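Trainee: Let me begin by handing over the structure; questions about it come next.
The values are calculated or read from the model by the stated rules, or taken from the named source; none is laboratory data. From a predicted model like this one, the values you see are computed outputs, not experimental measurements. A quick note on method: Cβ atoms are made from the backbone with ideal geometry, for glycine too, and the neighbour counts reach across all protein chains shown.
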Amino acid sequence: MRITLYLLTVFIILSCQEKTVNIKYYPTNEFSVEEDYLKLDLDTTSLNFKEITNLISENLYDNRKTIIEIQDGSTLKKIIPFSRSGCYFHEKNTLGVKLDSIRLYNATKYSIQELRPVLKKHYLDIHKNYPYSKFPQVPIIEVEIDTNRTGKELKSFLISITRTFDEIKTEVNDSIELTIFFNWFRQVPPPPKPPLKDMSKVIEIIEDD
């Protein structure tokens, strides 16, 4: 009986001890202990994707970065997302991702089920395939989900993206970085074309003159 109580006590103590957490940063070169970050909790925020993107843009204008922390199993993932506001980059380096599809620079589209092979080419097929990233150091993954998607839906999608990236990084054993942009502007329909002028009336005016 005493042995059972002893083992039970040891088990409870070990279970209550703080577990070692593996921390990953995306991208690693953007994190600094000296900087001031605004932490955004995707589990509790009432903001939708459009509002989250706008918040990130406003923070960037104020020279402040937004940090998103996601617990994925035993790994704590810290992400600094960017937006197109105030950022300059080569358009060819972007890979647009939605919940159901992937968009390359040349408008070629793939199913989101092909994220791993497409993402791998985006990082590694430098100067070999035209639609993919021009430089290995600066590929950008641009999240382009619907504007009304919730923080929890965005969190689930970010977990999927980071898992895929981590698999590729482990496979190629390279120092590639994951830089994530948020962008909802592609969902804005283009303005309507101006109405065509009635050429017959234009001709009549010219003849009258």
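Let's see how each residue does on (1) at pLDDT 95 or above; (2) among the basic types (Lys, Arg):
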site: PHE89; (1), (2): no, no
site: ASN106; (1), (2): no, no
site: TYR123; (1), (2): no, no
site: LYS128; (1), (2): no, yes
site: PRO136; (1), (2): no, no
site: LYS155; (1), (2): yes, yes
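Trainee: Sort through THR147, THR170 and tell me the only one that's assigned to a loop (DSSP other than H, G, I, E, B) and at pLDDT 65 or above.
Mentor: The unique qualifying residue is THR147.
Trainee: Pairs under 6 Å by beta carbon, first residue free of Cβ contacts under 8 Å to residues at least 40 places away in the same chain in the stretch 146-172, partner assigned to a helix (DSSP H, G or I) and loosely packed, with under 15 Cβ neighbours inside 10 Å, six or more apart or different chains?
Mentor: That search, which allows pairs on different chains as well, returns nothing.
Trainee: Going by what's in this entry, would VAL10 be described as at pLDDT 75 or above and either crowded, with 17+ Cβ neighbours inside 10 Å or farther than 15 Å from GLU142 by Cα (or both)?
Mentor: For VAL10, the condition - at pLDDT 75 or above and either crowded, with 17+ Cβ neighbours inside 10 Å or farther than 15 Å from GLU142 by Cα (or both) - is not met.
Trainee: Within the set of pairs 6 or more residues apart or between chains, which connect a residue that is surrounded by fewer than 17 Cβ atoms within 10 Å (Cβ to Cβ) inside the stretch 41-61 to a residue that is among the hydroxyl-bearing types (Ser, Thr, Tyr) and part of a loop (DSSP other than H, G, I, E, B) with Cβ atoms less than 7 Å apart?
Mentor: Close Cβ pairs satisfying both conditions: TYR61/SER85.
Trainee: Here's something else I'd like to know. Only residues in the stretch 107-121 that are closer than 16 Å to ILE140 by Cα and free of Cβ contacts under 8 Å to residues at least 60 places away in the same chain count as the first member; pair them with residues that are of a type in the set (Phe, Trp, Tyr) and surrounded by 11 or more Cβ atoms within 10 Å (Cβ to Cβ), Cβ under 9 angstrom, at least 6 apart or cross-chain, and list the lot.
Mentor: PRO117/TYR110; VAL118/TYR110; VAL118/TYR132; LEU119/PHE165; LYS121/TYR132
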